[in-house]
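A.B. asks: Handing you this structure, nothing more for now.
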Amino acid sequence: MSNKELIALYFEGELNSEQKIRFEELLRNDEDFREEVEFEQSVKLAIISIKKDNLRNKLHRLETPKEKKNYVFIGIAASIIIIAGVFGLLNTSQNYTNDELYAQYFEPYSNIIAPSSRGDASKNEINLAFRYYDSKNYKIASEKFESLFASTGTSYFLFYQAISELLIDNTDTAIKLLEQHKKYNDRLSNQTDWYLALALLKADQTDTAKKLLAEIIDNKSYNYESAKEILEKMD
C-alpha cells in the first residue's frame, strides 16, 4: 500500500490495526509523510471554510428580496439551503478518531536525565538505558528502565518506561506505569497527566481521557493548550 492510500484511509477513519501502527511510525519518523498529512488536513479545513462562506453568501442574497410577493418562497428556499448546508458541513467536517488525535499530538518525551559521568556503574546503566531510548530501541529501553526502577527506586524511570511502552503499542502497560508514577513527586510529575490522557485516548477510554484533559486545562499544566485543542476536536 502506498503512503497516499494510507493517508486516504486515515482521513476516512478506516485504518486497521496494522495500518495504524504503520501510519504512526511514518508520522513520527518520516518528515515528508508528516508534511503530506498536514497538507491534506489543511486542504480539508479550507474546503469546510469555503462551504461555510458559500452558504453565508447564499443566505445573504436571500435576505434582500426584490419583491414582497417572494417572501414566502424565499423563506422556504432559505430553510432548504440551511438544512442542506448543515448536512454538507457535517459530511465534510473532520471527525477525529481517538487514534487520529493520539497520532497528531503524541511525541516521545525528550531525554533530560542521562548524566555525563562515567565512573559509577549504576550511572553507566542509566546512560545505556537512555542510549537505547534515544536510538528508538524502545523495547530494550523499557526493560532497562524497569530494571533501574527496581534497583534504585527512582520514580522517573517509571515515566520513561511508560513512554517506551506507548511507543511499542503496549498501551495498557503504559497506563498502569503512568498511574503508578502519579503517586510520586519528581521533575517529571507535571508531564505525567498529559501522557496518561493520550494513553487513555489510545485505549478508547474516552470519558476518562476527557476528564483528565479538563483537569490539565484547569490547572494550566504541561501542554494545557494542546489539551484544549483535543477537547475542541472531540466535541
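No lab work stands behind these numbers, since they all come straight from the coordinates. Predicted, not measured: the structure shown is a model, and the values here were computed from it. Backbone-built Cβ (ideal geometry, glycine too); neighbour counts: all protein chains shown.
A.B. asks: Treat each spin label as a single point 7 Å out from the Cα along the C-beta direction, and report the ASN16 to ASP186 distance in nm.
C.D. replies: About 4.0 nm separates the two model spin labels.
A.B. asks: Tell me, what HN-Hα J-couplings in whole Hz come from the Karplus equation 6.51 cos²θ - 1.76 cosθ + 1.60 at θ = phi - 60° for each residue of region 24-35, using x for Gly and Pro?
C.D. replies: Result, ordered by residue: 5, 5, 5, 5, 7, 10, 10, 5, 4, 4, 4, 5 Hz.
A.B. asks: Looking only at region 203-227, which residues have a backbone nitrogen under 20 Å from a spot 7 Å from the Cα of TYR109 in the C-beta direction?
C.D. replies: Within reach of a label on TYR109: 203, 209-227.
A.B. asks: Measuring from label point to label point, each 7 Å out along Cα→Cβ, what is the GLU36 to SER147 span in nm?
C.D. replies: 4.0 nm
A.B. asks: Under the 0.36 nm per residue contour assumption, what length would be gained going from the current alpha-carbon distance of LYS176 and LYS228 to full extension?
C.D. replies: 16.3 nm
A.B. asks: Dipole of region 154-213 (Lys/Arg Cβ +1, Asp/Glu Cβ -1, origin at the Cα centre): which of LEU212, ALA174, SER164 lies farthest to the positive side?
C.D. replies: Among LEU212, ALA174, SER164, the one farthest towards the positive end of the dipole of region 154-213 is LEU212.
A.B. asks: Let me ask another. Quick one: putting +1 on the C-beta of Lys and Arg, -1 on the C-beta of Asp and Glu, what dipole do you get for region 110-234 around its Cα centre, in Debye to the nearest 20?
C.D. replies: So the magnitude is around 280 debye.
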